[in-house]
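Step one of this worksheet: look at the structure below.
Laboratory data are not the source of any read-out in this text; all were calculated from the coordinates shown. What you are looking at is a predicted structure, and each value in this text was computed from that prediction instead of being measured. Note: ideal-geometry Cβ built from the backbone for every residue, glycine included; neighbour counts use all protein chains shown.
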Amino acid sequence: MPLTHSPSKSGSDTNLLGKDKDTNQDFLHTISTRSKRKRTDEDLAATIENELKSFKTEIMAMLTTWKQEDDYKQNQRDEILKEIKNSTQELEKSMDFISSQYEEMSIKINGLEQKTKMQDEMISTDLRLRIYTVNLRSHIWRSEMYQQRPMKQSKHLPHPLSPYARQ
């Protein structure tokens, strides 16, 4: 017997799907309804990466919103601070003006007080002089009246103008 190395033909065919078309349809249908295969590491990594990107986008959007709100609030605070600074500067200017006016008025009042004091002294001096003048006039008038009265001579008293009168 000669040896042949060729395989013997068997009754099984490698193309099982090609022979019976009706069974092929059923087989394909059963294949498509089977449960899906488990994800591989690459698919899982891609899913995680997509979820992380989505999370990152959400966080960035949230942070951007917070920053915009914070910037808006900070701008409002800055404007309020500017208004307060302007008001403070205006108040300082007003206080400086009022202070200078007060000093001027104080100097004028002191001058008026001194002038009034001098006038009071002059008035009191004038009154004293008038009283003195009135007293002098009264004294002069009495002296004149005394000199104009008739003199009676005493027999035993010397005349005041005589050389024998006591001085």
## Note on the structure
Sorted largest first, the C-alpha extents of region 42-147 along its principal axes in whole angstrom are 152, 13, 12
## Note on the structure
The summed charge of the residue 66 Cβ neighbourhood (under 13 Å; Lys/Arg +1, Asp/Glu -1) stands at -2
